[in-house]
Amino acid sequence: MQIVTIVGSLRKDSYNKRIALFMQERYRGKLDMDILYLNNLPLFNVDMEDDPPEAVKEFKEKIRNAEGILIVSPEYNHSIPGGLKNALDWCSRGDRVLVKKPVFMVGASDGNVGTARMQGQLHQILNAPGVAALTLPGNHVLIPNVQNDFDESGDYANQRTIKYLDKVVDGFLAWSKQIYC
Ligand SMILES: Cc1cc2nc3c(=O)[nH]c(=O)nc-3n(C[C@H](O)[C@H](O)[C@H](O)COP(=O)(O)O)c2cc1C
């Protein structure tokens, strides 16, 4: 399945980015993951939505062509990071490229609740009329204290989470197949 992965953190050494890269390797063959970063997306402005900047056009085109979407993001101040909200706002207007798109999410933080509040709000946004994406039910990949999950080589190494990720990825593949049938 060909999916676009959106990384919610702009940080160079982001844990969430490293998990997205880990997943790209681990699920090669099941998921063909194109990872998108939000660093170059300008701020959403209604005045620009009919003819948005090139970076927005390219971003939306990739989302439009994807069979599914994975969002891997930290929690900022008990919510979704501003850059991710900005990207979703662009996607919600004009050609609404996320409508009926199957989406699943993974979130890692260095705190104890592993992005639970961010993911609750992300579900709410994805369900807004302009976005109207379909979210994988019942699978919440919450990764707390992520700073402890990497081995000496810097590879993601929390075996319990990896096992759960395997299950969620298979669940996502089976669920999205039903949607497309
Ligand atoms: C602006 C800001 C707000 C944050 N708010 C939260 C928060 O609400 N909950 C939480 O668990 N961690 C919070 N953190 C800590 C992040 O979990 C931590 O910085 C994490 O490494 C960010 O993910 P990244 O490594 O992918 O950039 C915050 C960090 C920043 C920079």
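Structure data summary
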read-out	value
Selected residue (criterion: surrounded by the most Cβ atoms within 10 Å (Cβ to Cβ)) from residues of region 25-59 that are under 14 Å from the mean Cα position of the chain (by Cα) and not aliphatic (A, V, I, L, M)	59
Region 66-96, subset away from the ligand (no atom under 16 Å from the Cβ), of a type in the set (D, E, K, R) and not in a helix (DSSP H, G or I), residue nearest to residue 179 (Cα to Cα)	67
Test result for residue 22, touching a Phe, Trp or Tyr at 6+ places or on another chain (Cβ under 6 Å), within 15 Å of residue 72 (Cα to Cα) and surrounded by 14 or more Cβ atoms within 10 Å (Cβ to Cβ)	yes
Some residue of region 45-61 being at pLDDT 95 or above and within 16 Å of the ligand (Cβ to nearest atom)	no
Any chance residue 107 is of a type outside the set (A, V, I, L, M), within 12 Å of the chain's Cα centre (by Cα), within 16 Å of the ligand (Cβ to nearest atom) and not in a helix (DSSP H, G or I)	yes
Residues within region 114-157 that are outside any helix (DSSP H, G or I), in contact with a strand residue (DSSP E or B) (Cβ under 7 Å, 6 or more places away or on another chain) and over 30 Å from residue 180 (Cβ atoms), tallied	4
Matching residues in region 1-13 - criterion: being within 8 Å of the ligand (Cβ to nearest atom) and closer than 16 Å to residue 141 by Cβ	7, 8, 9
Number of positions in region 110-135 that are among the hydrophobic types (A, V, I, L, M, F, W, C), within 16 Å of the ligand (Cβ to nearest atom) and closer than 23 Å to residue 173 by Cβ	1
Residues of region 129-161 classified as more than 26 Å from residue 102 (Cβ to Cβ) and in contact with a helix residue (DSSP H, G or I) (Cβ under 8 Å, 6 or more places away or on another chain), total	5
Tally, over region 136-156, of residues that are away from the ligand (no atom under 16 Å from the Cβ) and either in contact with an Asp or Glu (Cβ under 9 Å, 6 or more places away or on another chain) or farther than 19 Å from residue 104 by Cα (or both)	3
Boolean, residue 13 is acidic (Asp, Glu) and outside any helix (DSSP H, G or I)	yes
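The values are calculated or read from the model by the stated rules, or taken from the named source; none is laboratory data. This structure is a prediction, so every number in the text was calculated from the model and none was measured. Glycine also receives a Cβ, built like all others from the backbone with ideal geometry; neighbour counts cover every protein chain displayed.
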